[in-house]
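The values are calculated or read from the model by the stated rules, or taken from the named source; none is laboratory data. Fair warning: this is a prediction, and the values are worked out from it, not measured in the lab. Here the Cβ positions follow ideal geometry from the backbone for every residue, glycine too, while neighbour counts run over all protein chains shown. Calculation scope for accessible area: heavy atoms of the full protein, side chains included, ligands and nucleic acids excluded. Shrake-Rupley method; radii C 1.70, N 1.55, O 1.52, S 1.80 Å.
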Amino acid sequence: MNRLQRLLFIGIFSTTPFVLWGKGSVGVSEVRRQVAQQDAYIRDIRRHFHQHPELSGQEVETVKFLKAELQKLGGFDIHDVPGSTGFYAILDTGRKGKTIGLRTDIDGLPIEESPVNGGGKQKKWVSLNKGVTQGCGHDGHMAIILGTARILSHLRSQLKGRFVFIFEEGEESNSGIRPMIAALKHDGIQFDVIYGNHVASNVPSGKVFVKSGPIMAGMATLAYHIVGRGGHVSRPDKSVNPVFAAADVLTSISVAWNNQRDLEKLVTLGVTQLEGGKVYNVIPNEVFIGGSLRFFDGEAGKHALNLVKSVSEHVAAAHDCTVSYTDRMKVDLPPVSNDTTYTTYAQQQIETLYPDRVTDDAQYVWYGSETFALYSQLAPTVFTLVGVNNPEVGSTAQHHNDKFDLDEDALQYGVGAMTQFVVGLSQ
């Protein structure tokens, strides 16, 4: 941050000028001390969550454990979310100030975990639940938020405002975000800002990626059928074969992709499913096409989805087939886009705690999507990526991979960044 930006932020956050320079009633050295004290706890908690993952919407034991940890601290007002296993918990300092949301996801993935990580090293901790793993790092997210909760609970008498800890179920399936937002709206929670983080295998361990604007992609789901008329393979003329039509659809989409879109607005096309008949001698009635689009410009994403639909319908019609869309064929999530004011503030705050560990290098913008994007309906948002890529421990595999692993040494930076952001706004 240059001198002009620093002066600007002293003016914007004039109610807390001393905090900007780390001289408030809770200084940077105290935050560092608190984070160090929580280090062993953070690691133990992460290991528990890693060994006991649960799928989206089934996080019953996970939620029991999370609530029990908060209840041990005392002072947390816990609220269940209707239609969800998720919940939120309020820690109120009793003094007027900002209402700050802190969010974690809690679900695992339907993947059988490999005992070896991406670097070929034996993992120290492996899922005990067959066929389920924390292959995206949500175990790390839960450990970070609980570590932060413990610190803020200890510091509560020196802070102002309310801290709302959001435990969102079903991030992987998008099942928990809308019930959570509905509950927060219904209960009248008026946020000033909502902060979240994600461990990131594309960021070097110990680095914290903080950047304003879009940092994770929006997502649209492809899920539709090319419908023909089945029959015996010996007389294709008596049927309308959707297999050839589906193949032609995909070829035509790939051609249109470069000719009917603004190529300066990146949208990735990922087709992952092409499912037709079950036996070799029967022409099926329909073929399913599935996949997703990822984008950083919302209008470009909508245009791309409409392009897929238009090409599919016209090409299918040329084969005397029709198109049938499922309910999932839609734009699911906008990009995760960070508020400029609060993100710049977060950069400055984290830099006071961890000089030389904050980066805004655009190479770390992530093509994955996150339900966190929808919290922007409630308040300005800040989402950071906590680097966990460390070849020395073998944590190099991408997310959603049976070999995914994380460097536990990096978790302290997630806790410190989240805590310092809150402390800076709460004095």
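Restricting to region 76-128, name every residue that is farther than 20 Å from Val199 by Cβ, among the small types (Gly, Ala, Ser) and outside any loop (DSSP other than H, G, I, E, B).
Correct list: Ala89 only.
Give just the number: which of (1) in contact with a strand residue (DSSP E or B) (Cβ under 7 Å, 6 or more places away or on another chain); (2) open to solvent by 80 Å² or more (accessible area, probe 1.4 Å); (3) of a type in the set (Lys, Arg); (4) modelled with pLDDT under 95 does Lys302 not satisfy?
For Lys302, the failing item is (4).
Do we find a residue being at pLDDT 95 or above, touching a helix residue (DSSP H, G or I) at 6+ places or on another chain (Cβ under 7 Å), hydrophobic (A, V, I, L, M, F, W, C) and over 29 Å from Val132 (Cα atoms) anywhere in region 84-107?
Looking through region 84-107, at least one residue is at pLDDT 95 or above, touching a helix residue (DSSP H, G or I) at 6+ places or on another chain (Cβ under 7 Å), hydrophobic (A, V, I, L, M, F, W, C) and over 29 Å from Val132 (Cα atoms).
Would you point out which residue out of Leu293, Leu222, Leu274 is of a type outside the set (Val, Ile, Thr), more than 30 Å from Pro391 (Cα to Cα) and without any contact (Cβ under 8 Å) to a residue 40 or more places away in the chain?
On inspection, the qualifying residue turns out to be Leu274.
Thr341 is checked against (1) closer than 30 Å to Arg235 by Cα; (2) in contact with a helix residue (DSSP H, G or I) (Cβ under 7 Å, 6 or more places away or on another chain); (3) among the hydroxyl-bearing types (Ser, Thr, Tyr) and fails just one. What number does that condition carry?
The one condition Thr341 does not meet is (1).
For region 204-211, check the following and say yes or no: at least one residue is within 30 Å of Thr85 (Cβ to Cβ), in contact with a strand residue (DSSP E or B) (Cβ under 8 Å, 6 or more places away or on another chain) and open to solvent by 10 Å² or more (accessible area, probe 1.4 Å).
Within region 204-211, not a single residue is within 30 Å of Thr85 (Cβ to Cβ), in contact with a strand residue (DSSP E or B) (Cβ under 8 Å, 6 or more places away or on another chain) and open to solvent by 10 Å² or more (accessible area, probe 1.4 Å).
Which residue is nearest to His141 (Cα to Cα), if the candidates are limited to region 49-84 and must be open to solvent by 40 Å² or more (accessible area, probe 1.4 Å) and among the polar types (S, T, N, Q)?
My answer is Gln51.
Looking only at residues in region 132-165 that are open to solvent by 10 Å² or more (accessible area, probe 1.4 Å) and among the hydroxyl-bearing types (Ser, Thr, Tyr), which one is nearest to Gly368 (Cα to Cα)?
This residue is Ser153.
Output the number of the condition that Glu351 fails; it satisfies all remaining conditions of (1) open to solvent by 50 Å² or more (accessible area, probe 1.4 Å); (2) more than 30 Å from Gly424 (Cβ to Cβ).
Only one criterion in (1) open to solvent by 50 Å² or more (accessible area, probe 1.4 Å); (2) more than 30 Å from Gly424 (Cβ to Cβ) is unmet by Glu351, namely (2).
Could you please find all residues in region 144-177 being touching a Ser or Thr at 6+ places or on another chain (Cβ under 9 Å) and in a helix (DSSP H, G or I)?
To start, the set of residues in region 144-177 that are touching a Ser or Thr at 6+ places or on another chain (Cβ under 9 Å) comprises 144-148, 151-152, 155-177.
Within region 144-177, Ile144, Ile145, Leu146, Gly147, Thr148, Ile151, Leu152, Leu155, Arg156, Ser157, Gln158, Ile177 meet the criteria.
Please work out which one of (1) open to solvent by 20 Å² or more (accessible area, probe 1.4 Å); (2) among the charged types (D, E, K, R); (3) out of contact with any Cys (no Cβ under 9 Å at 6 or more places or on another chain) is the condition Glu168 fails and give its number.
Going through (1) open to solvent by 20 Å² or more (accessible area, probe 1.4 Å); (2) among the charged types (D, E, K, R); (3) out of contact with any Cys (no Cβ under 9 Å at 6 or more places or on another chain) one by one, Glu168 breaks only (1).
Specify which of the listed residues (Glu392, Glu408, Glu370, Glu351) is over 27 Å from Val132 (Cα atoms) and either among the small types (Gly, Ala, Ser) or at pLDDT 95 or above (or both).
Numbers: Glu392 fails: over 27 Å from Val132 (Cα atoms); Glu408 fails: over 27 Å from Val132 (Cα atoms); Glu370 fails: over 27 Å from Val132 (Cα atoms).
It is Glu351.
Please determine whether any residue of region 105-117 is open to solvent by less than 10 Å² (accessible area, probe 1.4 Å), closer than 27 Å to Gly387 by Cβ and among the aliphatic types (A, V, I, L, M). Walk me through how you get there before you give the answer.
Quick first cut of region 105-117, residues open to solvent by less than 10 Å² (accessible area, probe 1.4 Å) only: 105-108, 117.
Retained after the next criterion (residues that are closer than 27 Å to Gly387 by Cβ): 105-108, 117.
Restricting the remaining residues to those that are among the aliphatic types (A, V, I, L, M) gives 106.
Yes: one or more hits.
Name the pairs whose Cβ atoms lie under 6 Å apart, with the first residue in region 406-427 and among the aromatic types (Phe, Trp, Tyr), the second assigned to a helix (DSSP H, G or I) and open to solvent by less than 10 Å² (accessible area, probe 1.4 Å), and 6 or more positions between them or separate chains?
Phe421/Ala346; Phe421/Gln349
Being among the hydroxyl-bearing types (Ser, Thr, Tyr) and assigned to a loop (DSSP other than H, G, I, E, B) is the filter here; which residues of region 354-406 pass it? Break it down stepwise before answering.
The first filter runs over region 354-406 and keeps only residues among the hydroxyl-bearing types (Ser, Thr, Tyr), leaving 354, 359, 364, 367, 369, 371, 375-376, 381, 384, 395-396.
Scanning region 354-406 gives Tyr354, Tyr367, Ser369, Thr396.
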